[in-house]
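A.B. asks: The structure under discussion is supplied below as structure tokens; questions concerning it will follow.
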Amino acid sequence: MRISAAARRTGLAVTGAAALALSAFATAGPAGAATAPEVHSKDGTSWVRACDTLAKGDTMACHALRVTSTVEAVQPLGVTPNLTPSGLGPADLRSAYKLAANGGAGMTIAIVDAYNDPNAESDMATYRAQYGLPACTKASGCFKQVNQTGGSSLPANNSGWAGEISLDLDMVSAVAPNAKIILVEASSATMANLGTSVNTAVSLGAKFVSNSYGGSESSADTSYDSSYFNHPGVAITVSSGDSAYGAQYPAASKYVTAVGGTALKKDSSTRGWSESVWLTNSTEGTGSGCSKYDAKPTWQKDTGCTKRTIADVSAVADPATGVAVYQTYGGSGWAVYGGTSASAPIIAGVYALAGTPSAGSSPASFPYAHTTSLFDVTTGSNGSCSPAYLCKAGTGYDGPTGLGTPNGTTAFKG
């Protein structure tokens, strides 16, 4: 069943503008009373939304899901030599997606998020040190942290969005550890502020921009497209959403690569891994569907949507098969995260490994020219729909996982 825009807003929203404080796992209700966030569970794993913000009008919600049932083998804080944190790490992602180690040199990847994480640099440093990745610091020029116009006066701290920021930085670090990183922090989670941040990221030289947020579509989306996302020669990745079947913006933009989510598990196959559509329940799972407003890009040939179809490609997002993240502002150190907030920065990193997009190109089209260079995800669904491929995986293109997941970098070159 297709989820209505109103229902999706309810699923994304909390009853106040303050984000979820992860350390306390509570949000402020309309009268100021603490209310526990909704807990989802699957296969013995439980999690909550990291930063439920008021998804109303043009305000976006981030798509990070923080696991609350993790038992860690490592010390909660800092680096623990010779031990591995819970959740998938860099070596797992490289193995699953056939990616070379130590990639990204010469590339600049931007992360766009709302609000400020005051511990972003130090937390990323701990993640990278734990896994033996090269340091990436402000002092060395590898890391920049700026506001939505590129300035040094950062927005208000927010413990919920800090979880999103940690997830994004860690996934880019895992996939493209030698790339430079720009964290652009919007003043708030409005589409206007986040979109301004995308423009700033591009103006600062990023050829790869990851966005792990979304909200309901609106008639303003085509205007947002031209104002914020039309950047030829820049690979812009966007999470498809965590609310199961149904389209969200800006994943629906014809100028971006919409990234769906999978459950990723080790197995005894030749690849060594298997993937299926991520679905928790009828209101949570990877997003997909037909845009109401955005025109279909010329490289999309499926016939079930007259306008833009979501998604294009996918990567791991299921919190039950989630990734390791280190977060201390609003978190207590090592944690496991999921959501399509994980898959979007992973794909941004893969684009960076593939090299700088050619001038004037549409990087969202690249995978469509190299469909055999992806792992086709053929099992699972994220709801009920017609035609079925929009919500059910199968051979070739489908809505929940698009053309598939990375099998090396060939599908992301152009």
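The values are calculated or read from the model by the stated rules, or taken from the named source; none is laboratory data. The model shown is predicted, which means the values in this text are computed figures rather than measured ones. Every residue, glycine among them, receives a Cβ derived from its backbone with ideal geometry; neighbour counts consider all protein chains shown. Accessible surface areas use protein heavy atoms only, side chains included; no ligands, DNA or RNA. Shrake-Rupley method; radii C 1.70, N 1.55, O 1.52, S 1.80 Å.
A.B. asks: Quick check on packing: order 205-215, 187-197 by the mean number of other C-beta atoms within 10 Å, highest mean leading.
C.D. replies: Numbers: 205-215: 28.1, 187-197: 21.8.
Ranked by mean Cβ neighbours within 10 Å, highest first: 205-215, 187-197.
A.B. asks: Per 10 Å bin from zero, what fraction in whole % of the C-alpha pairs of the chain is there, up to the bin with the longest pair?
C.D. replies: Calculated P(r), rounded to whole percents: 5, 27, 38, 25, 5, 0.
A.B. asks: Based on alpha-carbon centroids, what's the gap between the stretch 228-260 and the stretch 294-362 in Å, whole number please?
C.D. replies: Centre-to-centre distance over Cα atoms comes out at 8 Å.
A.B. asks: Hey, another quick one. Could you size up the charge dipole of the chain around its Cα centre, putting +1 on the beta carbon of Lys and Arg and -1 on that of Asp and Glu, and report it in debye to the nearest 20?
C.D. replies: Details: 25 positive and 27 negative charges, 130 e Å.
With Lys and Arg at +1 and Asp and Glu at -1, about 620 debye.
A.B. asks: Shifting gears a bit: Any chance you could tell me what percent of the C-alpha pair distances in the stretch 275-414 go past 24 Å? Walk me through the numbers before you get to the answer.
C.D. replies: Working: 3250 of 9730 pairs.
Cα-Cα pairs of the stretch 275-414 separated by over 24 Å account for 33 percent.
A.B. asks: Let me ask you something else. At 1.4 Å probe size, with the rest of the protein present, what percent of the exposed accessible area of the chain is carbon and sulfur atoms? Numbers along the way, then the final one.
C.D. replies: Working: 7270 of 13730 Å².
Summing carbon and sulfur atoms, their accessible area is 53 percent of the total for the chain.
A.B. asks: Calculate how large, on average over all directions, the projected area of the Cα convex hull of the stretch 68-202 is; give the answer in nm² to one decimal.
C.D. replies: Average of the hull's projected areas for the stretch 68-202 equals 8.8 nm².
A.B. asks: Can you give me the Cα centroid spacing of the stretch 381-409 and the stretch 107-173 in angstrom?
C.D. replies: Each part reduced to its Cα centre gives a spacing of 32 Å.
A.B. asks: Something else now. For residue 398, what charge total do you get from the other residues with a beta carbon under 12 Å from its beta carbon, if Lys and Arg give +1 and Asp and Glu give -1?
C.D. replies: Values: positive: 392; negative: 302, 312, 376.
That sum, taken over residues with Cβ under 12 Å, equals -2.
A.B. asks: In square angstrom, what is the accessible area per residue of the chain with a 1.4 angstrom probe? Show your work: numbers first, answer last.
C.D. replies: Numbers: 13730 Å² over 414 residues.
Ligands and nucleic acids excluded, the result is 33 Å² per residue.
A.B. asks: Still on this structure: Within the set of other residues whose C-beta is less than 15 Å from the C-beta of residue 143, count the net charge using Lys and Arg as +1 and Asp and Glu as -1.
C.D. replies: Details: positive: 128, 138, 144, 180; negative: 113, 117, 121, 123, 168, 170, 185.
Every neighbour counted, the sum reads -3.
A.B. asks: Kindly provide the helix-only [θ] at 222 nm of the chain, computed as the sum of -39,500 (n - 2.57) over DSSP H runs of four or more divided by all residues, to the nearest 500 deg cm²/dmol?
C.D. replies: Working: 7 runs with 76 residues, N = 414.
So the calculated ellipticity at 222 nm is -5500 deg cm²/dmol.
A.B. asks: Continuing with this model, one more query. Which of the lysines could a cross-linker span from residue 266 if the Cα-Cα distance has to be under 21 Å and same-chain partners fewer than 8 positions apart are dropped?
C.D. replies: 42, 98
A.B. asks: Expressed as a whole percent, how much of the Cα-Cα distance distribution for the stretch 141-202 exceeds 16 Å? Don't jump to the answer; show the numbers that get you there.
C.D. replies: Numbers: 892 of 1891 pairs.
For the stretch 141-202, the fraction of Cα-Cα distances above 16 Å is 47 percent.
A.B. asks: Kirkwood Rh, the stretch 161-257, all Cα pairs: how many Å? Walk me through the numbers before you get to the answer.
C.D. replies: Values: mean 1/r = 0.0717 Å⁻¹.
Hydrodynamic radius (Kirkwood, Cα only) of the stretch 161-257 equals 13.9 Å.
A.B. asks: For the ranges 324-337, 122-135, what's the packing order if you count other beta-carbon atoms within 10 Å of each residue, average per peptide, and put the highest first? If you can, show how the numbers build up before the last one.
C.D. replies: Numbers: 324-337: 24.2, 122-135: 18.8.
In descending order of packing, they fall as 324-337, 122-135.
A.B. asks: Related question: Treating cross-link reach as a plain straight distance, find the lysines whose alpha-carbon is under 25 Å from the alpha-carbon of residue 301, omitting any fewer than eight places away in the same chain.
C.D. replies: Output for residue 301: 254, 292, 392, 413.
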